[in-house]
Amino acid sequence: DTEVTQTPKHLVMGMTNKKSLKCEQHMGHRAMYWYKQKAKKPPELMFVYSYEKLSINESVPSRFSPECPNSSLLNLHLHALQPEDSALYLCASSRAPGGRSNTGELFFGEGSRLTVL
Amino acid sequence: GESVGLHLPTLSVQEGDNSIINCAYSNSASDYFIWYKQESGKGPQFIIDIRSNMDKRQGQRVTVLLNKTVKHLSLQIAATQPGDSAVYFCAEKENNDMRFGAGTRLTVKP
């Protein structure tokens, strides 16, 4: 069982809606990630938080707004999305933020499947 | 056999045979190289990683080989089982920046 929990598992929204994806981990990890995955493609990095501060933003459109309220939670706020934003959104966490990492492992949630109508 | 095209590259093997999945990476500064397995409807699952200062690492039934000269990574699965059927992604990690490579769909025939 994954120790990274994502909610909701499925979300359908219109282009004018505002919704949020949520991610939670209790492994004491201080790096948290959002990835976007389209069908038959590898996950694409969107954002990385390190010690609750945004450290990587891969030029993601502003209609995606990440938030890290504390070391266990990561949100992705969605507003005015387009149909092409429909995808699986994956959250992940890892042990060692910043500096030279001591492991390659990221722990992934099961993802939130988003459909934008 | 292996096919590359508009669809995900695929590798089909007989149960009990060994599988080799290959990957090319791009960032010479990566400090870790990782293999993930992704089953349908699930998130990626860590299989094994290797530090950039190593060239081989073995796990249970899996071996990862790293060739930094040609920026090549491979995953060997011994005695492949039906439960190994999935999409396999390589990834490279520099500090907290982890990027996935193209995946390969492994199908195990009984």
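Enumerate by residue number the trypsin sites (Lys or Arg not before Pro) in region A:9-117 meeting two conditions: DSSP loop (anything except H, G, I, E, B), and at most 10 other Cβ atoms within 10 Å of the site's Cβ.
Qualifying residues, ordered by number: A:Arg100.
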To one decimal place, what Kirkwood hydrodynamic radius in Å is obtained for chain B from all pairs of distinct Cα atoms?
-> 14.1
Amide H contacts of B:Asp31 (H built 1.01 Å from N, under 5 Å, at least 5 apart or other chain) = B:Lys93, B:Glu94, B:Asn95
Along the principal axes of its C-alpha atoms, what lengths does chain A span, in descending order and rounded to whole Å?
-> 42, 29, 25
Please identify every one of the GluC sites (Glu not before Pro) in region B:18-110 that sits in a loop by DSSP and has no more than 16 other beta carbons within 10 Å of its own beta carbon.
-> B:Glu39
Using modelled amide H (1.01 Å from N, peptide plane; none on Pro or chain starts), what sits under 5 Å from the amide H of B:Thr10, excluding residues fewer than 5 places away?
-> B:Ser3, B:Arg105
Relative contact order (%) - criterion: Cα under 8 Å, at least six apart; region: region A:1-83 = 33
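Over chain A, with the other protein chains present, what is the accessible area per residue in square angstrom, probe 1.4 angstrom? All intermediate terms of the calculation are to be shown ahead of the outcome.
Details: 5660 Å² over 117 residues.
In whole numbers, chain A has 48 Å² accessible per residue.
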List, in order, the whole-Hz ³J(HN,Hα) value for each residue of region B:26-40 obtained from phi through the Karplus relation with A = 6.51, B = -1.76, C = 1.60 and θ = phi - 60°; use x for Gly and Pro.
-> 10, 9, 5, 8, 4, 9, 9, 10, 9, 10, 10, 10, 10, 8, 4
Accessible surface buried once A binds B (1.4 Å probe; total of both sides; Å²) | 2100
Starting at the first residue of region B:46-56, write each ³J(HN,Hα) from the Karplus equation 6.51 cos²θ - 1.76 cosθ + 1.60 with θ = phi - 60°, in whole Hz, x for Gly and Pro.
-> 4, 10, 6, 10, 9, 6, 5, 8, 10, 10, 8
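The values are calculated or read from the model by the stated rules, or taken from the named source; none is laboratory data. Since the structure is predicted, the reported quantities are computational estimates derived from the model, not experimental observations. As a convention, Cβ positions derive from the backbone with ideal geometry for all residues, glycine included, and neighbour counts pool all protein chains shown. Just the protein is used for accessible areas: all its heavy atoms, side chains included, with ligands, DNA and RNA removed. Shrake-Rupley method; radii C 1.70, N 1.55, O 1.52, S 1.80 Å.
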